[in-house]
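> Would you mind keeping the following structure in view while I ask a few things?
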Amino acid sequence: FGNDPKVATKNVPADAVKKVQVYDKKSDESEFTGISDGSHDKTLNLMLKDDKKKAVFGDVMAGGGTGDHYQGSAKIYRFTGANQFAALGMINNINQFGFSFSDYLNFSGGLGIYSRGNVELGMTTDNSYPVNFGQPVNGYVTSGAVGLNFSHEFRKNNRFYINYIGNATGTRLDQHIYSENFIPGGSFVQDKESSANDENWVHRVNFGWKNRIDSTQNLAFSGGASLTNKSGSGSPFTESYRNDSLINSLKSMNSDQEERLSGNFSGSYIKKLNAGRTNLKLSGNASYSYGLDNIQWQNITHFYNPDLIAASRQYQKNMTDRLKGEISLSLTQKTGKALYLEPILTAAYAGENLERKQGVSAETGEITDSLSPVFSTRNLNFQPALRLELNTEKTSFAIVAHMELGRMQSHLKNEPGMQTGICAFTPRISWEYEYNKGKRLALAFESSVNTPTANQLMPVPDNINPLILSYGNQSLKPEYRHEALFNWWLFDQFSFT
C-alpha cells in the first residue's frame, strides 16, 4: 500500500493478521545481489493467515455545495492468492486536481514498483499524471480521472503488473499580471489582462514484469505509452510602460491544439558469477515521442512615439519527434569483506527533429520560408566509469570516476551543419551514515553534462508574441553542472513520523 500504512491497518481485520514486521527494506536489486545501493525504505509488513488472504474493500465519497459545486470519488481493491486489482475514480469542480499522492502510490503497487527505491514524480506539461502534489491550481477547474490496475504473481519473485490512468480537465482562467523590472534610469512595466479556456485529455498505460529466474539470474522490465490531446483559446491584452510613459500595447486572440503520442521501455538482466562474488548486469532504456502543435493568432500591436499600429494574422504548425536510447554493461566485483569495484560502460543516443510551418493563412497552407525551418539535432556519447563502494552495517560510501565523451550535431535545412565535441570528467561521491535506528545523515556531490534542446539551438525567430521575440543559438555548448546534496532523515517507527 505504498507509503500509507493506515490503508492496510484500518482495513485488514485483526483476526486475519498472523505477524507484523517493521524493517528497512532494500531495493529488489540490492536484495538479489547482496550489494547495497543506498536504498532502504521503512516498511510495514502484515503477514496474513493463509485462510485470510482474500478480501474486497474500498470506499465511496460524494458531496455537493452551493454554487453548483460537487465532488465525488470511489476506490475498490480486490485481492486473491495471486492477483491484485484496484480501481479508482474521481470527479469534481472545486479545483481538486486529482488523486492524492498516497492514492497514486497505492494504486500503482506502492514504492516497491521502483527498483532503485528513489522515487521522482513531477508534473509534466501534458498533465499526464492526475496527481495532487500540492502544486498551485489557477483558474476554475473541472476535472475527472479514472484508474485501473492489475497485477499477477505467477510464483514468488515472478510478478507482472499493468495499469491504465485516464484524466481530463477543463480550466477557465481570468487573470491580471503586473510586472516591474528595474533598469538603469528608471523602470520597465508590463500590465497584462487575459482570459483563457483550456481542455486536456490524457490516456496512459504502464506495465512491468519482475522475474527471479533462479538464484543466480534476475530479469526486470517496464514500459508505458501515453496519448495526450490538448486544446485552448485565449485573449490577452498587454500594455508596456517605461518610466510611467506608455510605449506599446498588444491585443491578441489565439487558439492552440496539441496532440502527443509517446512511449518508453526499460529493462535489466543480472547474472551472479563466482559464487555471488561477481555480478554481471546488462541494462537499457529507450523512449520515443511524436507531437503536433497547431497555433493560430491575431495580433494588433500599437507602438507609441512615433505612433504606429501593426496588425497580423498568422498560424504556426510544429511537428516534433524525439528518440532516446541508452545501453549499459557493468561488472561488480567483491574485492573485500565490504568493498566492491565496478567498471561500467554506457553508450547513449538522443535525436530530435523539429519541422515548423508558419504563414498567414492555415486554410490555403501558404508558408513564410524564413519562419518555417526544418531543424534536427543528434547527440551520441560514450560514458566509461569506475565505481568503488564500501558498505558496512551503518555506513555506505561510494566514489565514481566518470567520463563523458561524444559529439553534438545540429543541422538547419539548406545551411551547413554544426558539430561540437564533448569531453568532460564528471565525478560523483556519496556518503551515508545511520548513526541510530531510523536516523541517517547523507552527503553527496554529483556532476553531469546537459546538452541543449532543439528549441535552444534553432536560430529562427518565434514571433507569436511580437513584443517578445525569441530564437535559439546554434553555437551553444553543452552545460557542465555541479550539484551538492545534504540529507538528514529522522524516522519514528512507532508513530510513523
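The values are calculated or read from the model by the stated rules, or taken from the named source; none is laboratory data. Since this is a predicted model, take the numbers as computed values, not measurements. FYI the Cβ positions are ideal-geometry reconstructions off the backbone, even for glycines, and counts take in every protein chain you see. Side chains included, ligands, DNA and RNA excluded: accessible areas come from the protein's heavy atoms. Shrake-Rupley method; radii C 1.70, N 1.55, O 1.52, S 1.80 Å.
> Taking the conditions exactly as written (open to solvent by less than 70 Å² (accessible area, probe 1.4 Å), under 30 Å from Leu339 (Cα atoms) and touching an Asp or Glu at 6+ places or on another chain (Cβ under 6 Å)), does Ala398 satisfy them or not? Explain how you work it out, then say what you get.
On the way: open to solvent by less than 70 Å² (accessible area, probe 1.4 Å): yes; under 30 Å from Leu339 (Cα atoms): yes; touching an Asp or Glu at 6+ places or on another chain (Cβ under 6 Å): yes.
For Ala398, the condition - open to solvent by less than 70 Å² (accessible area, probe 1.4 Å), under 30 Å from Leu339 (Cα atoms) and touching an Asp or Glu at 6+ places or on another chain (Cβ under 6 Å) - is met.
> Let me ask something else about it. So in the range 332-348, with the set limited to residues that are surrounded by 15 or more Cβ atoms within 10 Å (Cβ to Cβ) and at pLDDT below 90, which one is nearest to Ala286 (Cα to Cα)?
Lys334
> Follow-up. When residues of the range 46-87 are filtered for being of a type in the set (A, V, I, L, M, F, W, C) and farther than 20 Å from Val146 by Cβ, how many remain?
Residues of the range 46-87 of a type in the set (A, V, I, L, M, F, W, C): 46-48, 55-57, 60-62, 74, 76, 79, 82, 85-87.
Going one step further and asking which of them are farther than 20 Å from Val146 by Cβ, we end up with 46-48, 55, 79, 82.
Count: 6.
> Follow-up. Residues in the range 414-423: is at least one at pLDDT 95 or above, open to solvent by less than 80 Å² (accessible area, probe 1.4 Å) and either farther than 30 Å from Thr497 by Cβ or not in a loop (DSSP other than H, G, I, E, B) (or both)?
Scanning the range 414-423 turns up no residue that is at pLDDT 95 or above, open to solvent by less than 80 Å² (accessible area, probe 1.4 Å) and either farther than 30 Å from Thr497 by Cβ or not in a loop (DSSP other than H, G, I, E, B) (or both).
> Taking the range 466-497 as the search range and keeping residues that are in contact with a strand residue (DSSP E or B) (Cβ under 8 Å, 6 or more places away or on another chain) and among the small types (Gly, Ala, Ser), which one is nearest to Phe303 (Cα to Cα)?
The selected residue is Ser470.
> Which is among the hydrophobic types (A, V, I, L, M, F, W, C) and at pLDDT 95 or above, of Leu273, Leu219, Leu261, Leu250? Break it down stepwise before answering.
Numbers: Leu273 fails: at pLDDT 95 or above; Leu219 fails: at pLDDT 95 or above; Leu250 fails: at pLDDT 95 or above.
Testing whether each residue is among the hydrophobic types (A, V, I, L, M, F, W, C) and at pLDDT 95 or above leaves just Leu261.
> Taking the range 72-98, which residues are at pLDDT 90 or above and crowded, with 16+ Cβ neighbours inside 10 Å?
Of the residues in the range 72-98, the ones at pLDDT 90 or above are 72, 91-93.
Ile91, Asn92, Asn93 - these are the residues of the range 72-98 that are at pLDDT 90 or above and crowded, with 16+ Cβ neighbours inside 10 Å.
> Separate question: Looking at this structure, is Arg407 over 30 Å from Leu371 (Cβ atoms), in a strand (DSSP E or B) and touching a strand residue (DSSP E or B) at 6+ places or on another chain (Cβ under 8 Å)? Steps first, please.
Values: over 30 Å from Leu371 (Cβ atoms): no; in a strand (DSSP E or B): yes; touching a strand residue (DSSP E or B) at 6+ places or on another chain (Cβ under 8 Å): yes.
So Arg407 does not fit the description; no.
> Tell me the residue from Arg155, Arg172, Arg204 that is loosely packed, with under 14 Cβ neighbours inside 10 Å and either under 30 Å from Tyr290 (Cα atoms) or aromatic (Phe, Trp, Tyr) (or both), please.
Details: Arg155 fails: either under 30 Å from Tyr290 (Cα atoms) or aromatic (Phe, Trp, Tyr) (or both); Arg204 fails: loosely packed, with under 14 Cβ neighbours inside 10 Å.
Exactly one residue qualifies, and that residue is Arg172.
> Tell me which of these Leu476 doesn't satisfy, since it passes every other one: (1) assigned to a strand (DSSP E or B); (2) open to solvent by 50 Å² or more (accessible area, probe 1.4 Å); (3) of a type in the set (A, V, I, L, M).
That leaves (1) as the condition not met.
> Now for a separate question. Run down His482, His411 and say which single residue is surrounded by 12 or more Cβ atoms within 10 Å (Cβ to Cβ) and farther than 30 Å from Arg242 by Cβ. It would help to see each step written out before you state the result.
On the way: His482 fails: surrounded by 12 or more Cβ atoms within 10 Å (Cβ to Cβ).
Answer to the check: His411.
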